[in-house]
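The values are calculated or read from the model by the stated rules, or taken from the named source; none is laboratory data. All figures in this text were calculated on a predicted structure; none of them were measured in a lab. When we count neighbours, we look across all protein chains shown, and the Cβ atoms used for this are built from the backbone with ideal geometry, even at glycine.
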């Protein structure tokens with residue numbers, strides 16, 4: 001059977017990206033596709049919607065609890081630029097759901113600082129306690145020891161602050177249900193990935209099926225990596241198929 005341009009565009013439109021899911025599922029062209037593929041795409045749309053709602057629920061927690069979320073005490077702040085990995089293993093300051101927190105910094109508009117954990121502060125305490133006073137005279141030895149003792153006392157106070165801050169923030173996260181919200185996102189993401197893999201393994205018999213496969217490939221997260229990497233042409237093809245479907249559906 002000869003495929004006309006009108007039939008081609010009709011088949012592509014029938015593939016049903018999110019905006020036209022119901023229409024596509026009911027169309028004659030989509031019905032010509034393998035039912036298993038059509039059903040899998042319906043489940044992909046549902047899984048994608050669940051992922052969107054799960055992420056929105058987590059951001060709702062961030063907004064709802066922002067007014068009670070404490071900033072870390074300045075005494076336990078470390079390097080600025082922690083959101084860009086400055087400071088090595090030190091943890092960036094974050095909000096209740098894990099987004100970077102930015103605060104005013106001298107000479108800079110906003111900056112994300114690292115926050116010392118109780119383990120970080122304890123390391124400093126142990127480090128100073130191991131140090132030996134140095135000096136050639138009793139006076140220089142005494143001053144050296146005073147510096148060591150002063151640093152130990154300073155970090156012991158900071159340890160109390162770090163423990164209290166960690167306890168308060170942990171309790172708030174638990175009370176807000178952050179762990180459950182993130183687990184929901186993880187489940188939804190796995191569901192999306194699983195149905196994308198399923199769609200990739202189901203053959204397509206028409207243009208509608210190709211669009212479904214392109215949609216699944218983009219939803220899988222593979223699209224972004226391909227588009228930036230050596231297989232850029234594949235990424236461009238996927239986008240072209242999706243764009244064509246969008247134009248045909250409008």
Is it true that some residue in segment 69-82 is in a helix (DSSP H, G or I) and out of contact with any helix residue (DSSP H, G or I) (no Cβ under 8 Å at 6 or more places or on another chain)? yes
For segment 196-207, name all the residues that are closer than 13 Å to residue 42 by Cα and surrounded by 22 or more Cβ atoms within 10 Å (Cβ to Cβ). 196, 199
Within segment 180-207, the residues that are farther than 14 Å from residue 220 by Cβ and out of contact with any helix residue (DSSP H, G or I) (no Cβ under 7 Å at 6 or more places or on another chain) are 180, 183, 186, 187, 203, 205
Flagged in segment 130-158 as in contact (Cβ under 8 Å) with a residue 12 or more places away in the chain and either over 40 Å from the mean Cα position of the chain (by Cα) or not assigned by TED's automatic domain parsing to the domain that holds residue 76 (or both), in numbering order, are 131, 133, 145, 148
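Results for (1) surrounded by fewer than 16 Cβ atoms within 10 Å (Cβ to Cβ); (2) at pLDDT 95 or above, shown as yes or no for each residue.
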| position | (1), (2) |
| --- | --- |
| 53 | yes, yes |
| 74 | yes, no |
| 77 | no, no |
| 80 | no, no |
| 85 | yes, no |
| 110 | yes, no |
